[in-house]
Amino acid sequence: MDSHFPAIISLSLIFVLFNASFAHSSTIGVGYISRILEIQDRERAPPAVQVAAARAVLRRLLPSHTSSFHFEIVSKEQCGGDPCFMIKNNPSFSSHGDPEILIMGVTGVEISAGLHWYLKYWCGSHISWDKTGGAQLFSVPRAGLLPRVQDAGIVVQRPIPWNYYQNAVSSSYSFAWWDWKRWEKEIDWMALQGINLPLAFTGQEAIWQKVFQKFNVSKTDLDNFFGGPAFLAWSRMGNLHGWGGPLPQSWLDQQLILQKKILARMYELGMTPVLPAFSGNVPAALTYIFPSAKITRLGNWFSVKSDPKVCCTYLLDATDPFDTFDENTPPVDVPEYISSLGAAIFRGMQTGDDDAVWLMQALLQSVPLGRLVVLDLFAEVKPIWITSEQFYGVPYIWCMLHNFAGNSEMYGILDSVASGPVDARKSENSTMASLSIVGVGMSMEGIEQNPVVYDLMSEMAFQHNKVDVKLWIHLYSKRRYGQSVPLIQDAWNILYNTVYNCTDGAYDKNRDVIVAFPDVDPSFISVPHERYNHQRKSLSRRAAIEQITDSFDKPHLWYSTSEVIHALELFIASGDELSESNTYRYDLVDLTRQAVAKYANQLFLKVIEAYRLNDIHGVACHTQKFLDLVEDMDTLLGCHEGFLLGPWLESAQKLAQDEEQKKQFEWNARTQITMWFDNTEEEASLLHDYGNKYWSGLLRDYYGPRAAIYFKFLLESLEKSHDFQLKDWRREWIKLTNDWQRSRKAFPVESTGNALNISRWLYNKYLQSSDT
């Protein structure tokens, strides 16, 4: 990497045995992190560059107010020793056109975060991803009339230095098809949220290509090594190889150019990018080019056919001395072996950068204290820091995982988010206290969903005390829509206590029947003998779902659906006041989708109940109702840009250089959200529907027809008095899927329809009645 970039952290995502024998407490690690922070401060972009970058963020966000703010870089000493931002009334403001508000920060990120804080808490605005409604800036007064802060000004310090962002697989589930325009918007969003430690994984294949070519690995061998554009995350981690490939040279060249732009912008804003380290994953060709090298073939990772063309990758032993395991099993699981690997890998890092710091998802004894930072990846649900005495003094980052595969599901644990990082800093159960936590982070697999969760989590990088979520939610709804609407505030209070209060300890992988249709003989699905509807107590509804056999993943339900339907009623009742708000329309569509999807799960049980009773009429009636519901929900989702299939496919095509690449890239995009990995004619991918989405076009064109095939075999089983033909169902479903993956059918990229009217219609059609 060019020398003008700041100290960059290397990342190798490795799952290893977490062994208590690694335990020993020390404060040396934290002291060394302080030295790393000093190095980063010295190597940041010049203050003028950071100020200019922050001003560019302002210009893109709020061009009408570029002259309303004055930005300055200040030292940590001026902040009291820790990174901070300051907001003051500009003393030189006297007339229209003069800067009204002075925002100062230690870096361009702090300045941008200070701007966001001011717009949020003094102007009542809201900023989220475009797909989740975008920015609500109508509440910001005109230039020259901005609210004044208190005379003494505002100082907001970071309680801990780092705010981490991304997951190793976000690059595929969310960023796979991004161009620079979209990346620029994301980096702006990062800066406004105060993120200063983002992953930067784009374009690495171009580097590995150069490295492996030096070892005489041919282009053909590399074509069989790199995964396709939608599967690069797992190719990089050694889970698979060649799937969705080969990568065209134009892709490698484009992505490297894009990465340089990404790193340059992060550098200009004062961020510290996290770059990938060598994972040990190597092309098969090295086994015969270097026959004496310590190269191990790993086991099968979710491949149905165990096809050597795509599975069972090769791992170079770090001790060779040519380096490791994300979702893979090490060749040897002895702690001493893992430890030796860690030491060897770290020595390799030091040869490239003597100040390298290793960021990883595990704990290794063999890496010097202070040279390793651990991600407590799922801390909002399963915090490791509690059971490990704060990782025994090794610096760590408290992370919120929250989302899997970019699935659409209203879900969160706001109380945990609002208290967890503070509990970790102020823990009285650890002798290390606040000495080893060095950051907070967001490690979701997919973005552009549940904006309320990410709004709160971003704030925790600057919150010293626990947040009163009830009060925060009250203000959130006002900011998000630009006005105070009592019914909407009541609705958000319900949502806070239901969908955003999941305390059952389960991870939320969306397995709703519509998007993750059960691949199981209906005879193995248990249903209660009583009737179920959304007016019954949540325990009864949950019991109905939980009686489904373990032959497939059960839909996750942790709240009273009747309460959420009431929240939807309040949203609809407020529609005349808020229908012009894009943030409201997104939330209305999402909430309606959530309520109708849970109703569809119950409706599916009614289908199975009728089947078990040999009720042909009941099966025909309920299956048609289910299929109608899927069509209706597709219409609903088409009302907002955040729920469209078209943009995902179009963005894939836009990165292609010719017709063959368009076919390949679109196949990648379609496959990731359906079958995911390999299949046979009668056996679906073990990862099918993992990347499911509630997207308009996908429901009408794929999920609905798939359900119709299953229902066809249900009726045939009753009509002909024979068992359900499971193999025939699978053959037809798999053929439908493979044909759909190869299809080139275009889908709308812009929304159509009135979200409020469609939501009212669906509520009246499916949710108002007490009988399914």
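Worth pointing out:
- Over the C-alpha atoms of the stretch 27-176, the Rg to Rh ratio, Rh being the Kirkwood estimate, stands at 1.01.
- Cα centroids of the stretch 122-193 and the stretch 596-670: 32 Å apart.
- Remark: the Cα gyration tensor places the stretch 605-753 in the oblate category, a/c being 1.5 or greater and a/b not exceeding b/c.
- Within the chain, helix-based [θ] at 222 nm, where runs of 4 or more DSSP H residues each add -39,500 (n - 2.57), nearest 500: -13000 deg cm²/dmol
- Straight-distance crosslink candidates among lysines, where the alpha carbon sits under 16 Å from residue 625 and sequence neighbours closer than 8 are dropped: 598, 606, 712, 765
- For residue 88, a cut-off of 16 angstrom between C-alpha atoms picks up these aspartates and glutamates, skipping any fewer than 8 places away in its own chain: 72, 98, 100, 110, 151.
- DSSP bridge orientation in the stretch 65-209 - percent antiparallel, rounded to nearest 5: 60 percent
- Listed by chain and number, the lysines placed with their C-alpha closer than 20 angstrom to that of residue 219 are 210, 309; residues fewer than eight positions away on the same chain are left out.
- For the chain, a crude dipole built from +1 on the beta carbon of Lys and Arg and -1 on the beta carbon of Asp and Glu, taken about the Cα centre, is about 720 debye to the nearest 20.
- Positive minus negative residues near residue 415 (Lys, Arg vs Asp, Glu; Cβ under 12 Å): -1
- Each peptide in 262-268, 727-733, 233-239 was scored by the mean count of other Cβ atoms within 10 Å over its residues; highest first, the order is 233-239, 262-268, 727-733.
- Of the labelled figures (1) 1.03; (2) 0.96; (3) 1.23, only one reflects Rg/Rh (Cα atoms, Kirkwood Rh) as derived from the coordinates, namely (2).
- Averaging the sequence gap over all C-alpha pairs within less than 8 Å and six or more residues apart, then dividing by the number of residues, gives the stretch 66-173 a relative contact order of 30 percent.
- Average accessible surface area per residue within the chain, 1.4 Å rolling probe, Å²: 37 Å²
- Value of relative contact order over the stretch 169-272, rounded to a whole percent, pairs C-alpha under 8 Å and six or more apart: 38 percent
- Sulfur and carbon atoms: percent of accessible area, the chain [1.4 Å]: 51 percent
- Taking only the C-alpha atoms of the stretch 83-170, Rg followed by Dmax gives 15.0, 51 Å.
- Pairs exceeding a 29 Å alpha-carbon distance, out of 382/554; 305/663; 261/662; 131/261; 120/693: 120/693.
- For the listed peptides 609-618, 403-412, a ranking on the average number of other beta carbons within 10 Å per residue, highest first, reads 403-412, 609-618.
- For residue 287, the shell of other residues with beta-carbons less than 14 Å away shows a net charge of -1, using +1 for Lys and Arg and -1 for Asp and Glu.
- Relative contact order, percent, the stretch 633-772 [alpha-carbon distance under 8 Å, six or more residues apart]: 37 percent
- Of all DSSP beta bridges confined to the chain, the antiparallel ones make up roughly 35%.
- Between the alpha-carbon centres of the stretch 467-513 and the stretch 194-219 there is a gap of 40 Å.
The values are calculated or read from the model by the stated rules, or taken from the named source; none is laboratory data. Model, not experiment: these values are computed from the prediction. Backbone-built Cβ (ideal geometry, glycine too); neighbour counts: all protein chains shown. Just so you know, the surface numbers come from the protein's heavy atoms only, side chains and all, with ligands and any DNA or RNA stripped out. Shrake-Rupley method; radii C 1.70, N 1.55, O 1.52, S 1.80 Å.
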